[in-house]
Structures are given as structure tokens and as C-alpha cells.
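First up is the structure itself, then whatever we jot down about it.
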Amino acid sequence: MNITKKLTGAMTGLLVAATIFGFVAMPTAQALEQSQIDAILGLLQSFNAPASTLADVEAALNGQPTSGNGSGNVSSCNTYGTSSIVRVGHNGTNVQAIQNAMNQILDLSNGSMTPLVVDGAFGPLTKGVVQYFQGIIGTNPDGVWGPNTQAAYLTYVANNCDQAPVVVVPSGSWGVSAAASSPMASSLVSGQSSAKLLDLNFTGNGDVTSVKLMRTGVSSNNVLSNVYLFDGAVRLTDAASINNSGEIMFNVPSGIFNVNGSRTISVRADVSSTNYAGQTVGVNFVEAMAGSDMISGSAAGALFTVSYVSDLAGVSFSSVTPSGATLQPAPAVTVWQSTASISNHDVYMDRIAFRQIGSAQASAFGAFKLYVNGIEVAQAAGLDSNGYVTFVPASPVMMQAGSRIIRVEADIVSGSSRTVHFSLRNAADASFRDVQYNVNGTLSGSNISASTANTISGTSGGSMTVIKDTASPSTNIGVSASDVSLGHFKLTAYGEAIKVETLTAGFTSSTSTTALRNGRILIDGVPYGSQASLLASGTQFTVNKVINPGQSVIVDVRADVYASAGTAVAAGHTIQATLVGGSSNAQKMDSLGVLDIPTASVSANTLTVSSASVSLAKTTTYANQTLAIPATNYKLASWSLSGSTLEDVLVTGLTATSSAVVGTTFSYDDVTNLTLKVNGTVVSTPIAQATASNSFATQMTIAKNASALVELYGDLSNAVATDTHSMAFGLALTGISQPSGTAVSANATAQTIAVGAGTITATKDNSSPVAAIVYDNQVVNAANFKFESVNSGYDVTDMTFTIANASNVSSVDLYDGATLVASKAGATTVAFSGLGSAFNVGANSNKVLSVKLNLATAGFQNGTSGANVMVTLTDFTALSSAGTSYASSGTVAIESNPAGNAMYVYAGIPTISQGTIGATTLLAGERDFLKFKVSANGGDIAWNKIALDVVKTEGITLGSLALYDVSNGSTLVPATLTASADLANASTTSAGTIGIVPTNPEEITAGGSRDYVLRMTVGGTVGTGDYVTTKISADTLGYAAPTTYALADAAGTTSMVWSDMSAQSHATSTSDWSNGYELKTLPISETLYSILN
């Protein structure tokens, strides 16, 4: 096949397929217009294609035969790739296309390299093959795929294949839509900076190289003075302006941002300080490009109304320091400081970003910190790829009007002789939010930076700091302990790599000891140098450790708590480790100078040598006990055991001793089966009969810094007299510390145990449901009763309840938590007996019994609508742990007829909940003031009146009241709306009412709901401080039995008159109408404020 045919096929396959949105097969001639054909021929002419090639291409594009037929392997001549810019680190379908293309090149060029795995990840191997191909075609082998490499690839395939290539477009597509986080319609304020207008969600893989937006609304092109693209808090672009056609264009051929799957980009803009009040403005997405790939989609932003104010908060800055200074590599170096002057109102600082415009690279800086008036408010890890450091405080920083000093500190770790010059570039790089208007204020000036760049010191080279580490040991150390950490020291290099050749460690002590046994040094946990006696004056260790700039290492000085002669350092003495000042013991790896590390001796914490000990104390969470007898496996004592902070302790013995507290009739003679437990595990054999001293043999280890719970249990006989006599147990512990072998002991008394009478009392629990209206045919929790025992445990074996009106109750269930205790048919009096141990209340505890009612149908020919099913406990019987039964008429089982709260049953009940109106700005004209939803629960409901409370300020009037059903569209509800006369009076601030009575009752079917909006027209003059509050209040009337609508409405001020429609032939004249008693979710209210407020 000749070159003309090859080039014809290649260009036809590429350009036609790209034009028809990525079709794989060759399209028909009708797919192209003449202008498109002319554009393709013009591109071929720019490649100096011969006339015969141009003729064949033109024939192919018009569906006519070309000058040759050709033959060969079509699949090997398919073309892949992309015109997007793709490089190392990118992922996705474009990378897969490049990998397929490069595998084809390896095949066509007989390359010896291993074919790539087509995994969509652009890594070193893919870059290497791209560089190989770029070498073949004679271009710069930078390993970056772009339009030039793609064009060369297509030409190469055309020149080396036997048949016209067919373009294979990578799977996957680009898309864009408005993100859910896009702002709703609201107001913009003149002079406001970086106002968010739209969030765009891009989907696809690759670099987005251009974005086109369109201004919308009725406004001047000048209303938005600067438009930006942001990724979260990070600004991606410089400012774009709106052209005469209303378009906003961003073009960066190398890529504005990269998308790997999806990414949300924000459109923000500065609002002109000129008075454009009343104009509306927004932005819509038009199109974007990823290289030569078109990105299309629909994304429309909200329309914003521009308001003009003359007192928006303003922020300006004084001159910036340091300026023209020499900065030494070190932590926490001030790189930008200025005084912010805040005018008009206080502001919240939400974010601020600075750009390093000096020559020092990002690697020269470590962590950054932001301070306001000396208080740290935010941190950042380092500079981003565009040289910005962005601070976003965890919570907005309040800055009161006046002067505030803002300072940026950075760890400078390298960059000798390079410049440091941080700049607050423009208003979009800071968010100073006016606390009154809740929009970003005006930032004066741009490129707010020092007049002269600062320079990182390069004359003296690198430096190093040596400090005591914050994690250096501070607790006591054990007698005879081995290999103890005596001190931690942090070494940090700055400016250049530094090789520390030796370190000298020593110590000071309150003893005459001049050396400690087995001294050694660890750096970041790794031993360096040889183990040797640690001399008080200092032992030198050869470490030869290279520490890179910005890197910190931890030096750990360790030794035995023994003199080098083998004598243990006695308890009570102190030891303080020291890194002794060095002398030319470190070398600068770049500038080749030497350093003294440390420059002066640095000391760790003073540690005290101490013998191992344990502590034993009465457990504070277990109080003194009074119990009724007999009792089995009763907890007689509880202790908390804390191990040594120095070493493990082997416990060899535990002895429990008893002693009388009050009287002598209750003693160890009354205790059998004495059992000791540690952390719930029985220690040694239980003692059948307790004595004055009871020893438990054990070999139990309490680990260093560990703790344990020690408990003593026993059985108490029925022979003990019931009186106020009491006793207590003590515990003695003996053991040996390990490995030092020090004897350890501890003692502690425990809780006082007394014998007393038992009682059980029943009351209404605080968790009992509040008064309520409920719907029928469901299970409701009507009441919760608390049974509380003293000194003894009890089984509640019998209970009797009464129900105020049981006509709607089919059954009564008793529950212990989620466990059903018993169930009975509904009746006015319900008695439960023979419950046995189903409801047991342990000694000195309480348990809640829930009474649940299964409700039957209410209404005509069924239960009474509006009936009260309040439950009362009238009697119970309890069986003590001693086997004695007590009725609640005596002094042991106690109750006083506790009752649950009132609960009224209807065939259906309404609820009212608040909705969200579109805008809460008070402006003249018709406005939505309150949106609410009425829902029907359980059964159908109707309503025929809703009352609202309204408060308005002086100067405005309210009129033209209307109620709309906005459940599906917006429909005017035929109704009479009656407003207090004072709402139409502009001369005073007033509180009034609005009554809404529909022409016909509004009926809502069971499980359904309707959304309503109250609309009114605002008249008068809306000024600073004006507002209107609209509210549906909670009903203040008490319960009233269902009656006719007229009587329910006349009974008093009510928030709502409603019906469960349970009467036969329901109408406004039937007795099934109720007031707003116990309607849930009320009150609801909405306030509209003037934008000038």
C-alpha cells in the first residue's frame, strides 16, 4: 500500500471518528458537512501532504472510492491514544488508550521492550515506552503524552501499516453537572469577595484545559468584577472577566485541574462595589475541553439578587515584614506578618492563602502555622504545586473591628541563598466574612507582600537544634533496674544534611556514683556505637549518623541503675541524663563546615530511683452495703489494686480479715463459702467457714502499670438478727517485685456490711410517656412503672392495673425491657397473678416495667373516639429472697396507686411540621412567609381552622393574604383569611393573628400529607432592622372531648380545629371535632429579615 493511501486512511479514520463523538467504525459521507471536510483538508495541507493524498482523503470523506485497495491485518493497524495531556500519576481510560498505542508501537517497530499491562495507570514503565517512541520520532523524550505525540503516533502507524487504520476511541466519557452543594438563590452584597455561585461536578479522566461559563440574570456584565475557579479552599485560576457576550473563559493548555473519576469545582466571584442593587446575576456552565475532548453537560446556577450596602466590612493591611532580611534555617520562622485593619463590622476569617513568589522551592519549607494576635489558629503541611499555602481554621476565627496582627510562621529546612517572598495575591485568597451580613467583606489591595524578598542564609550553611524531647521519661525508675531509658533528646537538621560523628552522654546524680553500668545510645530505636560504662562526666559514642534537612531523630540514653562496680543505686537518689556539649563533632555535608552538637549541654528530666510498690484501696464505685438475710454469693468487699510503675510484682499471698464495726451480733461466724476473686476469676480454694483471718494462697503476677479488681464473696445465714450491727473485711497483700526481688506489701479495709430490713416500692418512672393523642390499631406504651428494692431482692408475682376507658383496648402486655412478661385481655381492671420469677428486682437495684396497650378501632360502632386509656397500678405482691410474700398493703411492698399520663385514642391524628421557604429576605411585594405540612397519621383527618401569630416591625404593612397548596404545583386554597387590623398599620411594631378557615374542610387520607404556603404582600417601607415572624403556636387549651366544629372553635383560642372523621355521616355538625391539644412538633415559626438588618 502506498504512503498516500496510508495517510489518507489514517487522517480519515482519526478525524471523522473524532468528529462523530467517538464512533469506532468509518462513518458515511452524510455525517460531515462541507465546512468540516474543508477543515480536515486544510489540516493535511499543513502537514505538506501531496496532492494525491488530498484527493484520496476528499474522495473518502465524500463516500467515493480512493486510489488503492490495500490488504493486511486490520486489528494491528487500529489507532488508539488521546489528544489530552497525560503524564505520570494520571489514571483512567486515556492512559489505557496510550498503553494500547505503545504496545502497537512495540509490535510495529520490533521493539525489544516488554509490552505494557493495560491497567490505566501511567507509571514509570508507561513513561519509559512513551520516551522510547519519542526517541524513534525524534521529539523531546520527556515521557509526557500530548497532541504532538498523538499526531506523530498516527503518522507512524499510517506509514507502517498495510491498511487504513481505524480509530479506536477509549471507553468512558466526560460529563459535568451541578453538584448538590451548589448554593441556593440568595443575596449578593456590593463589594463582597469570592462569593460562591455554582459547584460543578466533573466526571471523567484527564486534565481539563478550558472551561466556558455564561452570565445569567438581568444585570450588567460589570456586576461581577472577577470570576475564579476553586477546588474547595484552593484557588485554581487567576481572575477571569465577563466579555461583551456575557461569557467567562478559563484556558490553560497544560491543564487547569485533573479529574480521576469525579471532582467538584466551585465558581466564585468578586462582586463590584458599584451600586447594582436589584439586579440579578448567576452563572451557567456552557462547555469545557479536556485537550481536544469536548465536555458537555447541563449545569445551571441559582440567580442571586444584588443588594447595595455602604457599610460592608473592609479589611486592609499595613506593610509586610520581614522585608529584605536574612532568614536562618530553623523551626517557626516568621515569613509574613502584617496588621489587618478591620472597618465597619467584625469579621470571621474562614480561610486565607499565601503564595511563595520567591525562588525557594517547596522542599525548603516544612510545617506552616497561622497566628492572629499571637494565638495559633490554623496549620498547613506545606506548599501546594502552585506555591500556595492555604489555611482553613477548624472553626471560623472571630476578628473584631480594629487592628489585628496576622503572622505566618514556617519551618525553613533548606534552600540556602534562595529567596522567601510570601504574598496575599488578591481578595479571592482570603475570606473575611462580615458577621452582620454573613458575606465576605472587601479586601483592599493586591499582592500584599514585603517590599523586598528575604534570603535564606547561605554563608554559614546548615544548622542543628538539640532539645529535650517532650516524651523524655519523667517517672521514677526502679532500684536494680536494667537498661533503663534515662533521657530522650530531639536532634533536627536545617539548611543541609549534617553528619553527626559522635555524641557524648553523661549524667548528674545525688549519689557519689561516677559511672553507670552498661551505658548505650539508641537513635530512633536503633543502637549506635558500642556499649560502655556511662560516665558522669560523659562517655563518647561513635554514631556517624546523617540527618537530612528538616529531619528529626530521637536519641535515647540508656543504662543500668547500678554503679559500674555492680552496686545498685539506692532508692531515693536522683539521676539526670545529659547530652554533653560537643566539639567539632558534626560535619555539614554541603558546605563542609563543622558544628558542635550540641552547642551546650542539654539535660533530660530528673528521675528518682524508687523501690517497687503496689497500692490497694477500697473500690469507690461499690458503697457500704445493708442487706436482708439470708443471702447467697453476696459481695462482701471490693478493692482496687494498682501495680507498680517500675516493674512486675508476683503476688504470693492475700489475707482477708474481719472486724466488727457496730455491735457484735453480725460477724465472720455468720459467713460461709468465703470466696476471693481477682478480675472475676476465683483465687485459691473457697473457705467453707470464715474466721477472723482467712488466707488465700496464690502465685499471681501483676504486670507493670497494670491494675486489678479484687472482690470477696460469701453466703450469709438466716440466723443473723435483723438489726443495725455491721462488720467489715480488710485485705493484706504480700509479694515480690521482679526482677529486682524487692519485698512488696499493701493493706486496705473495705466496705461496711450491715443487716437491715428489705422493702420494694413501685412508682411512675420518669421515662413514662407524656400526655399525648394517639391513633388506633397500634401498640402504644401507655406507662412505665419503676420497682425499687432496698436490702433484698424480690420477685413481683402479682400486679393489678386499671384503665380509665378500656373501650379501645384489646389487650394489655407487660414488658421487662424487650422481654414480654405477661399478657391479658383488655378490661377496666386487669389482674396478673402467678408471675413467679418472670419479673425479678435484684437487691438494692431497680427495674422498670412497661405497660403496653394493643389498641382496637375507634369510632362509629367501635371504641370511643377521644377515650382516655390512662393506666394506674393499684396493687402488687412481692416475694423476698428469703421466701416471704408481701402484699402492697403492708410496709414492705409499697405503692400509692401510681398512674401513667393521659393518652387519648382517635381514629386518626394530624401532625404539623415546618417546611423550607425559598428565601428568607424581607423585600417589598408578595412573599412566602411560612411553609408547613399537615400529615394524617393512622387514619383520615380533616382540618377546618389554623391560627397563626404574626409579629412585624414598624414601617411595613402586611396584606393580600392567601394560602396555597404546594404539594404538587401551587394551587390557591379557597379560604377566608382573617388578619388583625394592626398588621396593616405601618405606624407601629405590632403582634397580631391570622385565622385560616377553608371554604370546605381540607381532608387528608391516612398516611398522606399536604404542603401549604402562607403568602402575603409587604407594603410600606422596608428598612434597616425590619423583620416579620410568622408562627403556629402550641395549643394552650387542655383536653376537650370531641364535639361539633362550631363548639370546638368557640371553646377558646386554639392553633387548629381538626377531626378524625370517625362519626357516622361525618360533617362539621358531627361530634368528632377537636382542638389543637397535644398536637406534636408545634410551635413552628419563620422569620424574614431585611437585607439591611
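Here, each number is a calculation from the coordinates, and none is a lab measurement. Everything numeric in this text was worked out from a predicted model, so none of it was measured. Neighbour counts run over all protein chains shown; Cβ positions are idealised from the backbone, glycine included.
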Measure out, as a whole number of angstrom, how far apart the alpha-carbon centroids of region 259-326 and region 668-745 sit.
74
Which part of region 997-1033 falls in the paramagnetic zone of A962, meaning amide N under 18 Å from the point 7 Å along Cα-to-beta-carbon?
997-1000, 1011-1019
S615 versus T828: modelled label distance in nm, points set 7 Å from Cα along the beta carbon direction
6.6
Place a point 7 Å from the Cα of N846 in the direction of its beta carbon; the residues of region 877-909 whose amide N falls under 15 Å from it are 894-896, 898-899
Along the charge dipole of the chain, which of N633, N447, V86 sits closest to the positive end, that is, farthest toward it, with unit charges on the beta carbon of Lys, Arg, Asp and Glu (+1, +1, -1, -1)?
N447
Need the full-extension length gain, A401 to A362, defined as separation in residues times 0.36 nm minus the C-alpha distance. One decimal, nm.
10.6 nm
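Rounded to the nearest angstrom and ordered from largest down, what semi-axes does the equivalent ellipsoid of region 274-420 get from its C-alpha gyration tensor (root of 5λ)?
Working from the Cα gyration tensor, I get semi-axes of 34, 26, 13 Å.
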Formal net charge of residues neighbouring P686 (Cβ-Cβ distance under 15 Å; K, R +1; D, E -1):
0
Using alpha carbons only: equivalent-ellipsoid semi-axes of region 181-257, gyration tensor based, whole Å
22, 15, 12
Each label sits 7 Å from Cα toward the beta-carbon; between L1037 and S296 the label points are separated, in nm, by 6.2
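Test of understanding: what is the full-extension gain from N160 to N244, defined as 0.36 nm times their sequence separation minus their Cα-Cα distance?
Numbers: separation 84, 0.36 × 84 = 30.24 nm, distance 4.97 nm.
Answer, rounded to one decimal: 25.3 nm.
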In region 1005-1093, chymotrypsin sites (Phe, Trp or Tyr not before Pro) in a DSSP loop with at most 16 other beta-carbon atoms within 10 Å
Y1039
Hydrodynamic radius (Kirkwood) for region 542-667, which is based on Cα pairs only, to one decimal in Å:
21.6
Grab every C-alpha pair in region 939-995, bin the distances at 10 angstrom width from 0 up to the longest one, and report whole percents.
20, 41, 28, 9, 1
Taking every Cα atom in region 873-923, find the radius of gyration and the maximum pairwise distance Dmax, and write them in Å.
25.5, 78
Of T1044, N944, I1032, which is farthest on the positive side of the dipole of region 909-1090, counting Cα position, with +1 on Lys and Arg Cβ, -1 on Asp and Glu Cβ, and the Cα centre as origin?
I1032
Which of the lysines could a cross-linker span from K545 if the Cα-Cα distance has to be under 22 Å and same-chain partners fewer than 8 positions apart are dropped?
K468, K490, K499, K588
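Return the subset of K635/K852; K824/K847; K852/K1080 for which the Cα-Cα distance in this structure is over 25 Å, preserving the input order. Before the final figure, lay out each step's value.
Values: K635/K852 36 Å; K824/K847 21 Å; K852/K1080 21 Å.
Pairs exceeding 25 Å: K635/K852.
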Neighbour net charge for K786 - beta-carbon separation under 9 angstrom, K R +1, D E -1:
0
With R₀ set to 51 angstrom, the calculated FRET efficiency between the beta-carbons of T1087 and A152, to the nearest 0.05, is 0.15
Magnitude of the Cβ-charge dipole (Lys and Arg +1, Asp and Glu -1) of the chain about the Cα centre, nearest 20 debye, reported as 1980
Going 7 Å from the Cα of S343 along its beta-carbon direction, which residues of region 431-460 have the amide nitrogen within less than 16 Å of the resulting point?
434, 441-446
Amide H neighbours of L922 under 5 Å, at least 5 residues apart or on other chains, H built in the peptide plane: list them.
Y1089, S1090, I1091
To check my understanding: the extent here is largest minus smallest coordinate of the Cα atoms along each principal axis. What are those three numbers for region 615-755, in Å, largest first?
51, 27, 22
Among L443, L835, what is the fewest-to-most ranking by other Cβ atoms within 10 Å?
L835, L443
Dividing the alpha-carbon Rg of the chain by 2.2 N^0.38 Å yields what?
1.36
Collect residues whose amide H, placed 1.01 Å from N in the peptide plane, falls under 5 Å from the amide H of M700; neighbours closer than 5 in sequence don't count.
V651
Cα pair distances of region 909-1090 binned at 5 Å [whole percent]
1, 8, 17, 21, 19, 14, 10, 6, 3, 1, 0, 0
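Can you compute the FRET efficiency between Q778 and L972 using 1/(1 + (r/R0)^6), with r the Cβ-Cβ distance and R0 = 35 Å? Round to the nearest 0.05.
0.45
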Sequence of S1069, S512, S472 once ranked by neighbouring C-beta atoms within 10 Å, starting from the fewest
S512, S1069, S472
In nm, give the distance between the simple-model label positions of A330 and F860, each being 7 Å from the Cα along the Cα-to-Cβ direction.
9.2
Cβ-based net charge around V812, under 11 Å, with every Lys or Arg adding one and every Asp or Glu removing one:
+1
Reach of K952 by Cα under 14 Å, taken over aspartates and glutamates that are not fewer than 8 positions away in the same chain
D982, D1026, E1086
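Under the classification rounded if a/c is under 1.5, otherwise prolate if a/b is larger than b/c and oblate if not, where does region 395-509 fall, given a ≥ b ≥ c as square roots of the Cα gyration tensor eigenvalues?
It is oblate, given that a/c is not under 1.5 and a/b is not larger than b/c.
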Region 105-156, Cα convex hull volume normalised per residue, Å³
82
If the chain between S474 and I137 were fully stretched, how many nm would it gain, using 0.36 nm times the residue separation less the Cα-Cα distance?
114.5 nm
If you bin every alpha carbon distance in region 175-307 into 5 Å steps from zero, what whole percent lands in each bin?
2, 11, 22, 26, 20, 11, 6, 2, 0
Lysines whose Cα lies under 19 Å from that of K196, excluding same-chain neighbours fewer than 8 positions away
K212
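Find the Cα radius of gyration of region 465-610, compare it with 2.2 N^0.38 Å by division, and give the number to two decimals. Show your work: numbers first, answer last.
Values: Rg = 15.1 Å, N = 146, 2.2 N^0.38 = 14.6 Å.
Against the compact-globule rule of thumb, the ratio is 1.03.
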Relative contact order (percent) for the chain, with alpha-carbon contacts under 8 angstrom and 6 or more residues of separation?
6
